[in-house]
Amino acid sequence: MMINYFQRVNISAGIVPMTQSTAGAPYYSWGTSEKSLILSSFFWGYVVSQVPAGLLAKRFGPKLVLGLATAVGGILCFFHPIAAKSGWQSICVLRVLTGLVQGTVYPCVHTLLAKWVPRTERGLLTTGVYSGAQFGTAVILVTSGFIFESIMGWPGLFYLSGGVSLAWALLFFWQAANEPATAIRISRGEVEYIESLTGSTSAGQSMPVPWMSIFRSPAFYGLLAAHCGFTWGFYTLLTEMPTYMSKVLQLDVKSNAFLSSLPYFVMGLLCFVVSPISDLLINRGTISITTARKLFNSIGQWGPMACLIGLGYMTAEEKTWAILLLTLAVGINAGCACGYLINHIDLSPNFAGPMMGVTNGIAGVTSVIAPLVVGAIVSDEEDPSQWRMVFFITGGIYLVCNTIFVIFGKATIQTWNEPPSTSSTMTLRNHQENDSKSIVPTSDKDNRF
């Protein structure tokens with residue numbers, strides 16, 4: 001997750017020095033509309049590849065698909081400095097291609113998690129994996145200022161992103177396994193333990209995806225709304241925060257890079273605070289799984305909504321408060337890691353990957369629209385009142401989308417998850433249908449599995 005976020009975030013950090021004269025590196029006179037197109041073009045490819053990626057991961061295994069996609073994305077990074085010389089249109093083409101290969105990440109990782117993560121540890125382990133997105137974002141943003149001022153200049157950010165991506169892909173092909181049964185470095189006892197507590201079966205790989213059942217499920221639409229709300233807010237801030245800090249808060253390149261990274265470090269750390277709390281509350285039977293998902297998702301979306309409303313009234317003279325609100329607006333998003341983000345696996349371990357492909361693909365449309373909306377609203381990047389409108393719109397989307405999730409969301413395994421005559425999955429469903437009870441396995445349950 002960290003490495004793949006290097007590939008998608010490097011342009012958000014790089015777009016500022018690419019359009020300013022810094023340290024002898026080349027720069028280009030691209031306006032706000034051109035920059036908005038560059039930032040949104042990644043998602044044009046990202047949206048298109050989501051559903052095919054989920055199906056490819058299910059058909060050929062996530063190891064092959066994810067490894068190849070990361071390697072190809074790394075190669076594309078090397079061509080960004082060359083493409084910039086040809087104009088912003090060439091950068092847009094590369095970002096579309098990067099989006100195509102990056103579209104495989106979430107469906108593949110969700111497919112892996114559904115096979116590997118026991119339900120009693122789902123909050124902590126899933127959040128631990130996905131926190132790599134925040135740490136990857138933070139690492140890119142915090143190091144970018146030093147890279148920009150080094151002899152490499154801003155092109156160095158893309159060369160380094162590409163190099164580590166290729167190195168990781170080789171390591172992944174060597175060490176990874178699609179599921180516990182094919183892993184050679186764990187015991188048979190551990191394999192049986194994981195398989196009994198995931199609800200995902202080997203037969204699931206050959207089962208056709210029950211699309212009609214999925215699209216008739218109210219819980220699916222609640223999940224979809226929450227995913228869209230998070231994506232709009234997260235990527236609006238991710239793509240526009242460096243520009244806001246540079247133009248409105250008037251921070252220099254190095255300070256901008258460090259402070260832009262701070263919210264993502266906070267979010268990554270908070271992921272490891274909220275996830276064990278969520279698992280503890282569920283495993284002790286204090287709250288149901290469904291209640292936990294709704295509670296933490298509400299924290300992760302309504303909390304940032306309040307911060308963005310306050311941020312809309314900040315000016316350069318109040319930059320300390322503005323930075324604090326920005327940090328909280330992104331950091332509190334960590335609650336969503338124990339909310340909608342793992343709800344695909346709650347609903348259907350066998351089809352978590354394809355479902356993630358659908359919701360991430362549709363939510364990705366908001367990632368395309370959000371930077372374009374910012375470009376349409378913000379004609380003067382130094383005008384706080386125009387940014388206020390951006391923050392208010394984002395807060396409103398958080399409010400509406402999470403409300404839909406609270407009304408329609410569920411966290412019980414759906415009947416269409418199960419292949420015929422798969423007793424272990426049926427047993428797991430029977431345990432989880434009574435959602436108000438603890439799901440900690442007992443010795444009797446273990447024996448029955």
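Identify, from the list Val358, Val365, the residue that is in the same structural domain as Thr243 (by the TED database), open to solvent by 40 Å² or more (accessible area, probe 1.4 Å) and not in a loop (DSSP other than H, G, I, E, B). First the steps, then the outcome.
Values: Val358 fails: open to solvent by 40 Å² or more (accessible area, probe 1.4 Å).
Just one listed residue meets the conditions, Val365.
May I ask you to say which residue of Val16, Val47, Val65, Val9 is of a type in the set (Val, Ile, Thr) and either open to solvent by 30 Å² or more (accessible area, probe 1.4 Å) or not in a helix (DSSP H, G or I) (or both)?
On the way: Val16 fails: either open to solvent by 30 Å² or more (accessible area, probe 1.4 Å) or not in a helix (DSSP H, G or I) (or both); Val65 fails: either open to solvent by 30 Å² or more (accessible area, probe 1.4 Å) or not in a helix (DSSP H, G or I) (or both); Val9 fails: either open to solvent by 30 Å² or more (accessible area, probe 1.4 Å) or not in a helix (DSSP H, G or I) (or both).
Going through Val16, Val47, Val65, Val9 in turn, the sole match is Val47.
Going by the conditions given, is Thr422 farther than 18 Å from Val373 by Cα, hydroxyl-bearing (Ser, Thr, Tyr) and at pLDDT 95 or above?
On the way: farther than 18 Å from Val373 by Cα: yes; hydroxyl-bearing (Ser, Thr, Tyr): yes; at pLDDT 95 or above: no.
No.
Tell me, yes or no, whether region 330-348 has at least one residue that is without any contact (Cβ under 8 Å) to a residue 12 or more places away in the chain, surrounded by fewer than 24 Cβ atoms within 10 Å (Cβ to Cβ) and among the β-branched types (Val, Ile, Thr).
So far as region 330-348 goes, no, none of its residues is without any contact (Cβ under 8 Å) to a residue 12 or more places away in the chain, surrounded by fewer than 24 Cβ atoms within 10 Å (Cβ to Cβ) and among the β-branched types (Val, Ile, Thr).
Collect the residues in region 380-390 that are open to solvent by 60 Å² or more (accessible area, probe 1.4 Å) and in contact (Cβ under 8 Å) with a residue 12 or more places away in the chain, keeping them in residue-number order. Give the steps one after another, and end with the answer.
Within region 380-390, the first condition is being open to solvent by 60 Å² or more (accessible area, probe 1.4 Å), and the residues that meet it are 380, 382, 388-389.
Listed by number, the residues that qualify are Glu382, Arg388, Met389.
Cβ contacts < 6 Å: first residue under 30 Å from Gly123 (Cα atoms) and buried (at least 16 other Cβ atoms within 10 Å of the Cβ), restricted to region 294-320; second residue at pLDDT 95 or above and of a type in the set (A, V, I, L, M), any location; separation 6+ or different chain. Result?
Lys294/Val406; Asn297/Ala226; Met305/Leu399
So, of the residues in region 126-162 that are modelled with pLDDT of 90 or more and open to solvent by 30 Å² or more (accessible area, probe 1.4 Å), which turns out to be farthest from the chain's Cα centre (by Cα)?
Only one residue fits best here, namely Tyr159.
Could you count how many residues in region 101-118 are of a type outside the set (Ser, Thr, Tyr) and crowded, with 24+ Cβ neighbours inside 10 Å?
Going through region 101-118 one residue at a time, the tally reaches 10.
Name the pairs whose Cβ atoms lie under 6 Å apart, with the first residue in region 196-211 and at pLDDT 65 or above, the second surrounded by 21 or more Cβ atoms within 10 Å (Cβ to Cβ) and assigned to a loop (DSSP other than H, G, I, E, B), and 6 or more positions between them or separate chains?
Within 6 Å, no pair qualifies.
Out of Ile413, Ile393, Ile377, I need the residue that is β-branched (Val, Ile, Thr) and open to solvent by less than 40 Å² (accessible area, probe 1.4 Å). Which one?
The conditions single out Ile413.
Step by step: first the residues of region 6-18, then only those that are of a type in the set (S, T, N, Q) and at pLDDT 85 or above, then the one that is nearest to the chain's Cα centre (by Cα). Which residue is that?
Here is the first cut: in region 6-18, the residues of a type in the set (S, T, N, Q) are 7, 10, 12.
Okay, now just the ones that are also at pLDDT 85 or above, so 7, 10.
On the way: Gln7: 13, Asn10: 15 Å.
Here the residue is Gln7.
Looking at Gly74, is it part of a loop (DSSP other than H, G, I, E, B), over 30 Å from Ala292 (Cα atoms) and in contact (Cβ under 8 Å) with a residue 12 or more places away in the chain? First the steps, then the outcome.
Numbers: part of a loop (DSSP other than H, G, I, E, B): no; over 30 Å from Ala292 (Cα atoms): yes; in contact (Cβ under 8 Å) with a residue 12 or more places away in the chain: yes.
No; evaluated as a whole, the condition is false for this residue.
Limited to region 104-125, what total is found for residues that are at pLDDT below 85 and of a type in the set (Gly, Ala, Ser)?
So the answer is 1.
Each row is one residue, and each column tells you yes or no for (1) acidic (Asp, Glu); (2) modelled with pLDDT of 90 or more; (3) more than 19 Å from the chain's Cα centre (by Cα).
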{"residue": "Leu262", "(1), (2), (3)": "no, no, no"}
{"residue": "Leu270", "(1), (2), (3)": "no, yes, no"}
{"residue": "Val274", "(1), (2), (3)": "no, yes, no"}
{"residue": "Ile282", "(1), (2), (3)": "no, yes, yes"}
{"residue": "Gly285", "(1), (2), (3)": "no, yes, yes"}
{"residue": "Ile289", "(1), (2), (3)": "no, yes, yes"}
{"residue": "Lys294", "(1), (2), (3)": "no, yes, no"}
{"residue": "Asn297", "(1), (2), (3)": "no, yes, no"}
{"residue": "Gly300", "(1), (2), (3)": "no, yes, no"}
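The values are calculated or read from the model by the stated rules, or taken from the named source; none is laboratory data. What you see is a predicted model; the values in this text were computed from it and never measured. Every residue, glycine among them, receives a Cβ derived from its backbone with ideal geometry; neighbour counts consider all protein chains shown. Note: areas computed on protein heavy atoms with side chains; ligands, DNA, RNA excluded. Shrake-Rupley method; radii C 1.70, N 1.55, O 1.52, S 1.80 Å.
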